[in-house]
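The values are calculated or read from the model by the stated rules, or taken from the named source; none is laboratory data. Here the structure is a predicted model, which is why all the values come from computation and not from measurement. No Cβ is skipped: glycine too gets one built from the backbone with ideal geometry, and neighbour counts run over all protein chains shown.
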Amino acid sequence: MNHNELTSIPSIGDVSSNVTSLSLIHNRIWELPLHQLQPYTSLESLDLASNSISVLKAFPSMPLKYLNLSNNKVSTLEPGCFDNISSTLLVLKLNRNRLALLPSKVFKLPMLNFLEIKRNKIKVVDSLTFKGMEALRSLKMQRNGITKLMDGAFFGLNNMEELELEHNNLTEVSKGWLYGLRMLRVLQLSQNTIGIIRADAWEFLQKLEQLDLSFNHLTRLEDTAFVGLGLLENLNLGENTISHLGEGVFGGLASLRSLDIRNNEISWAIEDSISFNIPLLSSSALSMLNTTSLLCDCQLQWLGQWLIDSHFHQSVSAVCAHPASLVGRDILSVTAEEFVCDDFPKPRISAHPETATALRGTNVTLSCVASSSSDSPMATAWRKDGEVLYDGQVENYARYQQGELSYTTVLHLLSVNFTDEGLYQCVVTNHFGSNYSHRARLTVNELPSFLKTPMDLTIRTGTMARLECAADGHPSPQIAWQKDGGTDFPAARERRMHVMPDDDIFFIANVKTEDMGVYSCTAQNAAGSLSANATLTVLETPSFMRPLEDRTVARGETAVLQCIAGGSPAPRLNWTKDDGPLVLTERHFFAAANQLLIIVDAGPADAGKYTCVMSNTLGTERGHIYLGVSPSANCDTGTSYDPDHWATVGIVVIVVVCCVVGTSLVWVIVIYHMRRKSEDYSITNTGRWQGQEGDGCGFISCVISSLIQS
């Protein structure tokens, strides 16, 4: 029922349920009410192209496989509009409509194979727009004016083989919006404004066979432009303004069969074999080969026979211009023996510029030496990254050496900056042709400088420590951390330390006292390194490292009371007795920063409650120790007091003391009489005992003093 004036889906009675294909092209249908489609319970193909439908609402349940809504006025896709036909629909066409936005989750069509949304008004494709279309094989979105494809825009299209995006406004190719297209074989991107191909753009397109980038704004192809496209067979780069080819840019295209680079600006790349390292000769190119300026030296011996074997000899004209013996001869008539191999009029590079590394702000010199057997004047041009340096400071020298013309060119780069980094090459030219030096890479480095340095930090235990360190330099410096000059981090062993490679912050969670120390941040690159230190101080409330234990000693023994303190900073310790000041005597000693209280010759007065008071800036902690002193080493502290018993002990002690004193006095008298008798026989001149004056005490008093001390 095409080309009529229908304004709605026609009703054809009971036979509607038998209809499998319905075509209503070029009518005036403006909506699709549910009740009008419900009778068509067997419908598999519905073509509503060229009508006036503006809103797509829910379809009824039917086994629909083909749906064409092209050339309508569709601007709105209501949520769930395709849900009832999602299990059968294979082809959906929405070309030439007014869609400006593709709602998320509207395309839940797990069986769909082909989707066309050409010539709409879509500017941005959001992430996950097409998730839920696992079976989709072809997506066509030409002529929409798309300017941005968000990362993951085509995520979920795991089986898609063809993606057509011609005639849009895309500016770059990146792996973000190509994420997930692992089965893609054909990618059409011609007629966009693409000027950048990211280095890792093709990471997910390992099976790509055909790539069209013609009619874009490409000016440079870096050496990483096509990395990963090992299965690519056809590459179209025509109609761009490419003037630079990175070294080996096509080197990884092992399966390439067709390369179109027409209408670019890379004529020099054919001569420079370093840049252009794949064969490009074809019959169409050789049909235009018409030259009378060939240099017929030994390096061109292969050409004549190759032209014959490839059946190009009738379509080309190639005439020798050197040496003199071959001038005017067609290369096809020159035998292998006639090619000159000892005369090189074309410049030969004998000394190539050397790769160099320099610090930013220093001067760099690159030199190149060429020679020629001809007197033809030579000229030099320097190129950076394939582009001619017009403002370089160049010095040229020419001299004759061993019958040849030697030509030296020197490029001076003053106060180099990062923009001077790149590949430098000299091109030496004379009447017979040009020769290209090796490419010398200049790397400009800059010593690291800190943007953020770690600061001394004092925090409590259990909190999070945060140290910042960031540095600038060229190349970007790597940040490394040390603790106390080593790499042993207690927090790392306990999985409490977090260092992100690309972050400026060093975290230690649930800080402990063993994390204290000096943390060093080192920034290092190829130019050098520098370090900055920060001290982490951890504060901890005072605490007892060991439980306090009550003590009981016998009278006269030594009592040792322990109060082992922990905390940061180290707490100060004070002792009290019976909740009052501790009266110190010559029998009281402190050790280990007051953590040990030693009482020598303990007596009953030393018994009582001892309190250990520890304090630092975070607080104070107290603990009690009860010291008991028993009467003797053999006494049980639990024995009750007996007055008669202690009276007996006292009498015994007095008797023993008296016996000792009495015995001592007897010995004093005996010694005294022996001394007097000795003086009677003294032969000294003074008549006095020599010990009386030098000893500082009399005989009797010295003996008594000795006894008391013993």
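Among the residues of segment 165-207, write down those that are acidic (Asp, Glu) and in contact (Cβ under 8 Å) with a residue 40 or more places away in the chain.
Listed by number, the list holds a single entry, Glu166.
Looking only at segment 67-126, count every residue that is assigned to a strand (DSSP E or B), touching a residue at least 24 places away in the same chain (Cβ under 8 Å) and not aliphatic (A, V, I, L, M) and tell me the total. So that I can check it myself, show each step before the final result.
Step one: filter segment 67-126 for residues assigned to a strand (DSSP E or B), giving 67-68, 76-77, 91-93, 114-116, 124-125.
Okay, now just the ones that are also touching a residue at least 24 places away in the same chain (Cβ under 8 Å), so 67-68, 77, 91-93, 114-116, 124-125.
Okay, now just the ones that are also not aliphatic (A, V, I, L, M), so 68, 93, 114, 116.
Result for segment 67-126: 4.
Here is a check on your reading of the model: is Arg466 surrounded by 17 or more Cβ atoms within 10 Å (Cβ to Cβ) and under 22 Å from the mean Cα position of the chain (by Cα)?
Considered against the rule, which asks whether it is surrounded by 17 or more Cβ atoms within 10 Å (Cβ to Cβ) and under 22 Å from the mean Cα position of the chain (by Cα), Arg466 comes out as no.
Among the residues of segment 210-238, count how many are surrounded by 17 or more Cβ atoms within 10 Å (Cβ to Cβ) and closer than 14 Å to Leu163 by Cα.
So the answer is 3.
Name the residue, out of Tyr626, Tyr610, that is touching an Asp or Glu at 6+ places or on another chain (Cβ under 6 Å) and either modelled with pLDDT under 90 or not in a helix (DSSP H, G or I) (or both).
Within the list Tyr626, Tyr610, the selection yields Tyr626.
Would you point out the residue of segment 403-436, among those that are modelled with pLDDT under 85 and in a loop (DSSP other than H, G, I, E, B), that is surrounded by the fewest Cβ atoms within 10 Å (Cβ to Cβ)?
Filtering segment 403-436 for residues that are modelled with pLDDT under 85 and in a loop (DSSP other than H, G, I, E, B), the one surrounded by the fewest Cβ atoms within 10 Å (Cβ to Cβ) comes out as Gly403.
Quick one: in segment 477-515, which of the residues that are surrounded by 14 or more Cβ atoms within 10 Å (Cβ to Cβ), more than 15 Å from Pro454 (Cα to Cα) and of a type in the set (Val, Ile, Thr) is farthest from the chain's Cα centre (by Cα)?
So, considering only residues that are surrounded by 14 or more Cβ atoms within 10 Å (Cβ to Cβ), more than 15 Å from Pro454 (Cα to Cα) and of a type in the set (Val, Ile, Thr), the one farthest from the chain's Cα centre (by Cα) is Thr513.
Tell me whether segment 23-41 contains one or more residues that are touching a residue at least 12 places away in the same chain (Cβ under 8 Å), closer than 21 Å to Leu136 by Cβ and hydroxyl-bearing (Ser, Thr, Tyr). Spell out how you get there, then give the answer.
Initially, segment 23-41 is screened for residues touching a residue at least 12 places away in the same chain (Cβ under 8 Å), giving 23-34, 36-41.
Going one step further and asking which of them are closer than 21 Å to Leu136 by Cβ, we end up with none.
No.
Rundown of residues vs (1) within 36 Å of the chain's Cα centre (by Cα); (2) exposed (fewer than 13 other Cβ atoms within 10 Å of the Cβ); (3) outside the structural domain of Asn435 (by TED's automatic domain parsing), yes/no style:
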| residue | (1), (2), (3) |
| --- | --- |
| Pro353 | yes, no, no |
| Ala356 | yes, no, no |
| Thr362 | yes, yes, no |
| Leu366 | yes, no, no |
| Ser376 | no, no, no |
| Arg383 | yes, no, no |
| Tyr390 | no, yes, no |
| Gln401 | no, yes, no |
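Would you point out which residue out of Leu286, Leu294 is surrounded by 12 or more Cβ atoms within 10 Å (Cβ to Cβ), modelled with pLDDT of 70 or more, of a type outside the set (Gly, Ala, Ser) and not assigned by TED's automatic domain parsing to the domain that holds His244?
Working: Leu286 fails: modelled with pLDDT of 70 or more.
That would be Leu294, the only listed residue that is surrounded by 12 or more Cβ atoms within 10 Å (Cβ to Cβ), modelled with pLDDT of 70 or more, of a type outside the set (Gly, Ala, Ser) and not assigned by TED's automatic domain parsing to the domain that holds His244.
Quick check on segment 147-188: of everything there that is more than 23 Å from Leu112 (Cα to Cα) and among the hydrophobic types (A, V, I, L, M, F, W, C), which residue is surrounded by the most Cβ atoms within 10 Å (Cβ to Cβ)?
Val173
Mind checking which residues of segment 344-370 are modelled with pLDDT under 90 and either at positive phi or of a type in the set (Phe, Trp, Tyr) (or both)?
Matches in segment 344-370: Phe344 only.
Please enumerate the residues belonging to segment 380-402 that are assigned to a strand (DSSP E or B) and of a type in the set (Ser, Thr, Tyr).
Thr380, Tyr397, Tyr400
Can you find a residue that is over 30 Å from Leu451 (Cα atoms), among the hydroxyl-bearing types (Ser, Thr, Tyr), outside the structural domain of Ile479 (by TED's automatic domain parsing) and assigned to a loop (DSSP other than H, G, I, E, B) anywhere in segment 535-553?
no
Can you pull out the residues in segment 154-180 that are of a type in the set (A, V, I, L, M, F, W, C) and within 25 Å of the chain's Cα centre (by Cα)? I'd like the intermediate steps shown before the answer.
Residues of segment 154-180 that are of a type in the set (A, V, I, L, M, F, W, C), as a first pass: 154-155, 157, 160, 163, 165, 170, 173, 177-178.
If the condition is that a residue be of a type in the set (A, V, I, L, M, F, W, C) and within 25 Å of the chain's Cα centre (by Cα), then Phe155, Val173, Trp177, Leu178 are the ones that fit.
So which of Glu166, Glu203 ends up being within 22 Å of Thr224 (Cβ to Cβ) and out of contact with any helix residue (DSSP H, G or I) (no Cβ under 6 Å at 6 or more places or on another chain)? Even if it seems obvious, please write down each step before you answer.
Values: Glu166 fails: within 22 Å of Thr224 (Cβ to Cβ).
Testing whether each residue is within 22 Å of Thr224 (Cβ to Cβ) and out of contact with any helix residue (DSSP H, G or I) (no Cβ under 6 Å at 6 or more places or on another chain) leaves just Glu203.
Would you check if Glu44 is touching a strand residue (DSSP E or B) at 6+ places or on another chain (Cβ under 9 Å), farther than 30 Å from Asn168 by Cβ and either assigned by TED's automatic domain parsing to the domain that holds Lys148 or buried (at least 16 other Cβ atoms within 10 Å of the Cβ) (or both)?
Details: touching a strand residue (DSSP E or B) at 6+ places or on another chain (Cβ under 9 Å): yes; farther than 30 Å from Asn168 by Cβ: yes; either assigned by TED's automatic domain parsing to the domain that holds Lys148 or buried (at least 16 other Cβ atoms within 10 Å of the Cβ) (or both): yes.
The answer is yes for Glu44.
Consider segment 568-580. How many of its residues are within 23 Å of Glu557 (Cα to Cα) and loosely packed, with under 13 Cβ neighbours inside 10 Å? Give the steps one after another, and end with the answer.
Pass one, segment 568-580, residues within 23 Å of Glu557 (Cα to Cα): 575-578.
If we keep only those that are loosely packed, with under 13 Cβ neighbours inside 10 Å as well, we get 578.
Qualifying residue count, segment 568-580: 1.
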